[in-house]
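For reference, the structure is listed below as structure tokens.
Bear in mind that the values in this text are calculations on the coordinates, not laboratory data. The model shown is predicted, which means the values in this text are computed figures rather than measured ones. Every residue, glycine as well, gets a Cβ built from its backbone with ideal geometry; the counts of neighbours run over all protein chains shown.
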């Protein structure tokens, strides 16, 4: 089944907000056999919303709309879509009561009167329960097609998609005329190798099954390779993807670390857990990013002990035992210092595994000998330590992200080598 | 001047990549008086790209297209747009030479042959220099309008917009018939207050100037209030925005912390620098996120000393001096422990300012007394310590983000109170 997405909000086009909803909706729908064939962002303006929703309904008969359902005056989606379907707004007194109970429970005083309009729904619409917010989702069907309206706040949108919209779509597909064909996809994640080098390596191997499309998705943390098969029977799709994977994996060697959406930090935590090891971090220019990435993963406490953010040199000496003489002789961004940091943090936390990063993230602080982007990474596993020097092009945020990813990858490859 | 954006990539609709380019383009163009009136995402498919670009050209006469210019087989944007403009692809030998020199300089061996197609450009197109990558930008004009093609990699796209596209657009607007009117906007950032409470507070004050639109942009870190004025003369726009700000600010009290794009961490660093204070962090459930946020800001080293990621309890005792008896009696997530963490990290780093966080981020680890989402925050300034208990609804990532923001805000309000 094909459908379109329309995201509403002037902030998306003025650039104050990044539209994460389109990607979330696509990721939730694809495994259910629904393809988002186009996504459109429009400002909070009646004509723009109306045109985009009508275009989408004409092309596919089904549009998921996010945004513009809030309690404030710039939220006009409901009114505009009600107009398209010729379904006047009516007060849903059951919903109003629920809303008032919700505010009473939060204990923040009586419900602000602006929220009352959120209980108005287009005539004939189904109200979709939104446990995380005050705007209900709305499902509206008519001769022209189906419009599904969801709040723009990502966590509310996602909750409604999972709890209300997906079950209804699945039911439609089983009972309706939509063929039982699915779009499947599988993404191989790599890091530390360029897009063109990957393409060159892959050009030397046998061709992938014809039904499978390969896309390169480069990002700061590495290049993802996405394999997609569209509108195939379930078994056939899975087999074709498996064949394609078997062709690709040998060319990726140790640059492949997992199947999306797994993060490198999660791969590493799993490996450490298997090896019954615990880990600590010593972070200078990354300032806590590596610890933050590791602790994103539920259950990180099985393997992650903690770390030292040794942003100032005093902390490198006091907390990690880096000798002052080494700092003086080689400078904070040096092989000798990063080695001492990795050893020191393992000693302090009494763990077998550790990573350390020191670098010049910029924009200030570079010299001709050590320009901005110079980074030293170290990883320690048992009594072995590996060290790597990187020169990372780009801005401060890019230098820091690539350094964090590089450090995690350094210890991952050490663990894989065992 | 109005224009549309088309972002190309199946990964955007399947949800493997979030489209950040639309927001970036909007943010870069608005101050120059160019309005993005619609943005469309389409898959890497000839017909979809062709239709979206043609629709945009018909509506506004100018389309900025990102993505699909890479060296691999799924990159077809250039071919499709060349077809629309009836401009066959030709080899640009100057560009090919530049590309070969670039590869030689990187020292990664000879240029992969797949990159050669990147030197093919539509007949009559202007090549736009891309110092960060191998695909040039392309500017193509014809009877049907103007198409500007840019690579999809965000850092390359941004570099081309700033270095090549904006100067050309500004020149067009000064020499062409476009009126010298601008869209200006200003975003007031708040944290720790809900959207509906803000709306209720604002409903009690005098109305904003009629030309100014107010939008509420709620997010995990707080609610942004965006004021926009469209197509006004420069002076008039600035005055109207100033009047609107003067009306809003008193209703926001200490929940307002700055004008976007400033981050709360940057506001805090500026305040600490003014107060000649240095700061450290003690992070349990946030695992380094607060340190990472502070060190995102260039020049953070003026005020940020470092910190301890005390994920395991052993580290809270050893590195921060939290008494074991207090941990045993009250548990790691308690007022007594967070207070001891804040004091301990200030003592260890010898600084006047510190924040500490301990909480249950989930999904495991909650109890009936301390459910998932229970968080204790502390901030210390000189000899004063403030502590706050929060119950944060939501998933692990949301609990962590709100905790980090809450801790930064706690010490910001202490500094503002002086």
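State the residue of chain A whose Cβ is nearest the axis carrying A onto B, and the distance in whole angstrom.
Axis-proximal residue of A, distance in whole Å: A:288, 1.
Can you tell me how much longer the chain between residue A:249 and residue A:262 gets when fully stretched, taken as 0.36 nm per residue apart minus their C-alpha distance, in nm with one decimal?
Using 0.36 nm per residue and subtracting the Cα-Cα distance, I get 3.0 nm.
Please report the spacing between the Cα centers of region A:130-170 and region A:64-79 in Å, no decimals.
After rounding, the separation between the Cα centres reads 13 Å.
Using only the Cα atoms of region B:1-124, what semi-axes does the equivalent ellipsoid have when each is the square root of 5 times a gyration tensor eigenvalue? Give whole Å, largest first.
27, 17, 16
Other chains' Cβ within 10 Å of B:244-256 residues: what's the mean?
0
By counting other Cβ atoms within 10 Å of each Cβ, how are B:277, A:149, B:62 ranked from fewest to most?
B:277, B:62, A:149
List the distances, in nm and shortest first, from the label point of residue B:233 to the matching label points in every other copy, placing each point 7 Å from Cα along the Cα-to-Cβ direction.
Result for residue B:233, in nm, nearest copy first: 7.2.
So for region A:2-175: antiparallel DSSP bridges make up what percent, rounded to the nearest 5?
40 percent
Once Rh for chain A is found with the Kirkwood sum over Cα pairs, what is the Stokes-Einstein diffusion coefficient at 37 °C and 0.692 mPa s, in µm²/s?
132 µm²/s
Return the calculated 222 nm mean residue ellipticity for chain B, to the nearest 500 deg cm²/dmol, obtained by summing -39500 (n - 2.57) across DSSP H runs with n ≥ 4 and dividing by the residue count.
Theoretical 222 nm ellipticity from helices: -12000 deg cm²/dmol.
Grab the alpha carbons of the protein assembly as shown, take their convex hull, and tell me the volume per residue in Å³.
177 Å³
Quick one: length gained pulling residue B:2 to residue B:103 fully straight, 0.36 nm per residue minus the C-alpha distance?
Result: 32.5 nm gained on full extension.
Going by a ≥ b ≥ c, the root eigenvalues of the Cα gyration tensor, does region A:105-170 fall in the rounded group (a/c under 1.5), the prolate group (a/b larger than b/c) or the oblate group?
Because a/c hits 1.5 or more and a/b fails to exceed b/c, region A:105-170 counts as oblate.
Tell me the distances, shortest first, between residue A:110 and the same position across the other copies, using label points 7 Å along Cα→Cβ, in nm to one decimal.
The projected label point of residue A:110 is separated from its counterparts by 8.1 nm.
Counting other beta carbons within 10 Å of each residue's own, what order do B:92, A:302, B:409 fall into, fewest first?
A:302, B:92, B:409
How large are Rg and Dmax for region B:264-417 when calculated on the C-alpha trace, in angstrom?
14.3, 44
Rounded to the nearest 5, what is the percent of antiparallel bridges among the DSSP beta bridges in region B:264-417?
Antiparallel bridges: around 60 percent, rounded to the nearest 5.
Among DSSP beta bridges whose residues both lie in the protein assembly as shown, state the antiparallel percentage, nearest 5.
If we restrict to bridges inside the protein assembly as shown, about 65 percent are antiparallel.
With chain A treated as a Gaussian network of Cα nodes joined by springs under 10 Å, which of A:33, A:394, A:152 yields the largest mean-square fluctuation?
Most flexible of the set in this elastic network: A:394.
Before anything else, pin down the relative contact order of chain A: Cα pairs under 8 Å, at least 6 apart, normalised by residue count, whole percent.
Relative contact order, chain A: 10 percent.
So how tilted is helix A:166-175 from the main axis of chain A? Cα-based, degrees 0 to 90, rounded to 10.
60 degrees
Please sort B:252-259, A:4-11, B:75-82 by packing, taking for each peptide the average over its residues of neighbouring beta carbons within 10 angstrom, highest first.
A:4-11, B:75-82, B:252-259
Could you put B:349, A:16 in order, starting from the residue whose Cβ has the fewest other Cβ atoms within 10 Å?
In order of increasing Cβ crowding within 10 Å: A:16, B:349.
Between A:144, A:18, A:84, where does the largest GNM mean-square fluctuation fall for chain A, given springs only between Cα atoms within less than 10 Å?
Maximum fluctuation in the GNM of chain A, among the listed residues, is at A:18.
Relative to the longest principal axis of the C-alpha atoms of chain A, give the angle of the C-alpha long axis of helix A:234-252, reported between 0 and 90° and rounded to the nearest 10°.
Helix A:234-252 and the main axis of chain A meet at about 20 degrees.
Averaged over its residues, how many other protein chain Cβ atoms are within 10 Å of peptide B:196-204's Cβ atoms?
Shielding by partners across B:196-204 averages 5.
When Cβ neighbours within 10 Å are restricted to other protein chains, what is their mean count per residue of peptide A:358-371?
The shielding value for this peptide is 1.
Nm distances between the label at residue B:193 and the same-position labels in the remaining copies, 7 Å along Cα→Cβ, shortest first?
5.3
Which part of region B:218-256 falls in the paramagnetic zone of residue B:203, meaning amide N under 11 Å from the point 7 Å along Cα-to-beta-carbon?
In region B:218-256, the label zone of residue B:203 (backbone N under 11 Å from the point 7 Å along Cα→Cβ) covers no residue.
With viscosity set to 0.890 mPa s at 25 °C, what whole-number translational diffusion coefficient in µm²/s follows for region A:182-259 from Stokes-Einstein and a Kirkwood radius over Cα pairs?
Estimated diffusion coefficient is 194 µm²/s.
May I ask for the angle, rounded to the nearest 10°, between helix A:396-417 and the longest principal axis of chain A, with both axes built from Cα atoms and the value confined to 0 to 90°?
Taking Cα atoms only, the helix is inclined about 70 degrees.
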